[in-house]
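Inspection log for the structure reproduced underneath, given as structure tokens.
The values are calculated or read from the model by the stated rules, or taken from the named source; none is laboratory data. All values derive from a computational prediction rather than experimental measurement. Here Cβ is always computed from backbone atoms with ideal geometry, including for glycine, and neighbour counts include all displayed protein chains. Quick note on the areas: whole protein, heavy atoms, side chains included, nothing else; ligands and nucleic acids left out. Shrake-Rupley method; radii C 1.70, N 1.55, O 1.52, S 1.80 Å.
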Amino acid sequence: MNKILVTGALGQIGSELVMKLRELYGSDNVVATDIRKPDCKVVNSGPFELLDVTDMKTFSKIAKKYTVDTVMHLASLLSANAENNPLLAWNINMGGLINALEVARELDAQFFTPSSIGAFGPNTPKDFTPQDTLQRPTTMYGVNKVSGELLCDYYYKKFGLDTRGVRFPGLISYVTPPGGGTTDYAVEVYYEAIKKQAYTSYIKKGTYMDMMYMPDAINAIIQLMEADASKLVHRNAFNITAMSIEPEQIAQEIKKHIPNFKLNYKVDPDRQSIADSWPNAIDASAAQQEWGFKAKYDLASMTKDMLEKLSKNQVHKVS
Ligand code: AKB
């Protein structure tokens, strides 16, 4: 990776990935792109271009302007938003992906795009979900993610493009909030714990889903992209996870730091039914074996860090 183009650079993953890549590979070597251009760190700390990923001509022009050798395609609609607007999700998630793959093919660039635990469906084994298993998702997001995994495999086999990817679990971060996902509750709960010492969860007590702290997710992307290609068997859809948790467990952990924290429930049937169709806990052994994936943060260390960082941000906002 010498010259990297990132789409969706202002999103939940992009805003942290771009800063880490600029630190490691040099600011000028990481071209951030997004559909909007606010005044912020990602925009001001290196090259930035406005890009709608469904606009192939502009996409290709930007990639050629910087002669990029790596494309990291993050722009996409998350699960709950996709379910509310399936056609838009198809157009952005699949239209954007095929453009990104074509641009990478034009430049013979290395390619990364994330899949998700959303690529599994209700008849996938729920526990210790294998790397290679039944995938019949019932959401538009899931349909997009399975298609994306297959498409990336196809570009590797057909054109020899160096495509790589992971199935991300819910990602938790204090930097940029996610928007329109099913696992967002696990981020909101920390913000509300700091602000109001209370949170009302739209996900039912006892609903287990895989999660990961953002620093581990960023390291996983970079580690996979730097991994020895000859060792990769799965390439585009590695199961990775750091913890399988449900709302009560997060609340118990928060209470160790904020004893009067209160967790309430008002279940959203739409997002609950998406969560119910996903695994409880996936098996990440292929990623461990093929490129040494290992998460550093568990629920306790993530909670401590989240609350410390969010309290600091709060103090900065007030002062
Ligand atoms: C979502 O909830 O849609 C995402 C995901 C797990 O892919 N966070």
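General observations
- Boolean, Gln135 is under 20 Å from Gln272 (Cα atoms), more than 11 Å from the ligand (Cβ to nearest atom) and in a loop (DSSP other than H, G, I, E, B): yes
- Residue check, Lys204 open to solvent by 50 Å² or more (accessible area, probe 1.4 Å), more than 14 Å from the ligand (Cβ to nearest atom), out of contact with any Cys (no Cβ under 9 Å at 6 or more places or on another chain) and farther than 23 Å from Ala119 by Cβ: no
- Test set (1) more than 19 Å from Phe168 (Cα to Cα); (2) in a helix (DSSP H, G or I) - Gly46 fails condition number: (2)
- Sole residue being open to solvent by 40 Å² or more (accessible area, probe 1.4 Å), within 20 Å of Lys309 (Cα to Cα) and among the aromatic types (Phe, Trp, Tyr), chosen from Tyr174, Tyr213, Tyr199: Tyr174
- Tally of residues being away from the ligand (no atom under 16 Å from the Cβ) and either in contact with a helix residue (DSSP H, G or I) (Cβ under 8 Å, 6 or more places away or on another chain) or charged (D, E, K, R) (or both) across segment 153-173: 9
- For Asn123: the one exception among (1) away from the ligand (no atom under 16 Å from the Cβ); (2) in contact with a helix residue (DSSP H, G or I) (Cβ under 6 Å, 6 or more places away or on another chain): (2)
- Residues that are open to solvent by 20 Å² or more (accessible area, probe 1.4 Å), charged (D, E, K, R) and within 15 Å of the ligand (Cβ to nearest atom) number at least 3 in the following helices (runs of 4 or more DSSP H) confined to segment 238-293: 269-276.
- Look at segment 1-29: where a residue is of a type in the set (Asp, Glu) and a partner is open to solvent by less than 50 Å² (accessible area, probe 1.4 Å), sitting 6+ places away or on another chain with Cβ atoms under 6 Å, you get Glu16/Met214; Glu16/Ile218.
- Lone qualifier among Leu87, Leu78, Leu97 - being within 15 Å of the ligand (Cβ to nearest atom) and open to solvent by 20 Å² or more (accessible area, probe 1.4 Å): Leu78
- Only one entry of Val187, Val143 meets the criterion of being within 19 Å of the chain's Cα centre (by Cα) and more than 26 Å from Met19 (Cα to Cα), and that entry is Val143.
- Some residue of segment 260-278 being assigned by TED's automatic domain parsing to the domain that holds Lys309, in contact with a Lys or Arg (Cβ under 9 Å, 6 or more places away or on another chain) and of a type in the set (Val, Ile, Thr): yes
- The set of residues in segment 179-195 that are more than 17 Å from Glu248 (Cα to Cα) and either within 14 Å of the ligand (Cβ to nearest atom) or touching a Lys or Arg at 6+ places or on another chain (Cβ under 9 Å) (or both) comprises Gly179, Gly180, Gly181.
- Being among the polar types (S, T, N, Q) and either modelled with pLDDT under 95 or open to solvent by less than 20 Å² (accessible area, probe 1.4 Å) (or both) is a property that Ser319 has.
- Residue match in segment 138-151 (condition: within 14 Å of the ligand (Cβ to nearest atom), basic (Lys, Arg) and either part of a loop (DSSP other than H, G, I, E, B) or within 24 Å of Leu87 (Cα to Cα) (or both)): yes
- Near pairs, Cβ below 7 angstrom, 6+ apart or cross-chain, from segment 164-193 (farther than 11 Å from Met214 by Cα and assigned to a helix (DSSP H, G or I)) to any residue that is among the hydroxyl-bearing types (Ser, Thr, Tyr) and at pLDDT below 95: none
- The listed residue being farther than 24 Å from Leu150 by Cα and either in contact with an Asp or Glu (Cβ under 8 Å, 6 or more places away or on another chain) or modelled with pLDDT under 95 (or both), out of Tyr191, Tyr185, Tyr202: Tyr202
- So Thr33, is it of a type in the set (S, T, N, Q), in the same structural domain as Asn219 (by TED's automatic domain parsing) and part of a strand (DSSP E or B): yes
- Whether a residue is more than 15 Å from Asn2 (Cα to Cα), more than 16 Å from the ligand (Cβ to nearest atom) and open to solvent by 40 Å² or more (accessible area, probe 1.4 Å) was assessed, and Lys64 does not pass this test.
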